[in-house]
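Readers should treat all values here as calculations from the given coordinates under stated rules, not as data from a laboratory. These figures come from a predicted structure and were not determined experimentally. When we count neighbours, we look across all protein chains shown, and the Cβ atoms used for this are built from the backbone with ideal geometry, even at glycine.
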């Protein structure tokens, strides 16, 4: 869990590219141009919310096994 140290809200006069890119998985590919045009026509302004966490934790499951998983393996044996 990460606490947010800083955050900002900026009102902009466009639909952010990140919103469009993140939404590409919703409509079928052939419907995306119409969907994007509709979203851009619908919203004159949007809010861009930026958050900055106070720390980041990297969970590298290829080289480190989480303690809970290690405990399960220890009690039940390695399933491989």
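Some notes on this structure:
- Calculated [θ] (222 nm, deg cm²/dmol) that DSSP helices of n ≥ 4 give over the chain, each run adding -39,500 (n - 2.57): -10000 deg cm²/dmol
- Cβ-Cβ distance of residue 21 and residue 59, R₀ of 35 Å, FRET efficiency by 1/(1 + (r/R0)^6): the value works out to about 0.90.
- The protection proxy used here, the mean number of other Cβ atoms lying within 10 Å of each residue, ranks peptides 58-64, 14-20, 44-50 as follows, highest first: 14-20, 44-50, 58-64.
- With respect to the chain, whose longest principal axis is taken over its alpha-carbon atoms, helix 67-76 is tilted by about 40°.
- Calculated diffusion of the chain, Stokes-Einstein form, Kirkwood radius summed over Cα pairs, 37 °C and 0.692 mPa s, µm²/s: 193 µm²/s
- Computed from label points 7 Å out along Cα-Cβ, the spacing between residue 11 and residue 78 is 6.0 nm.
- Gaussian network model of the chain, springs between alpha carbon atoms under 10 Å - residue of 68, 41, 29 with greatest fluctuation: 68
- Across the chain, C-alpha contacts under 8 Å between residues 6 or more apart give a mean separation that, scaled by the residue count, equals a relative contact order of 47 percent.
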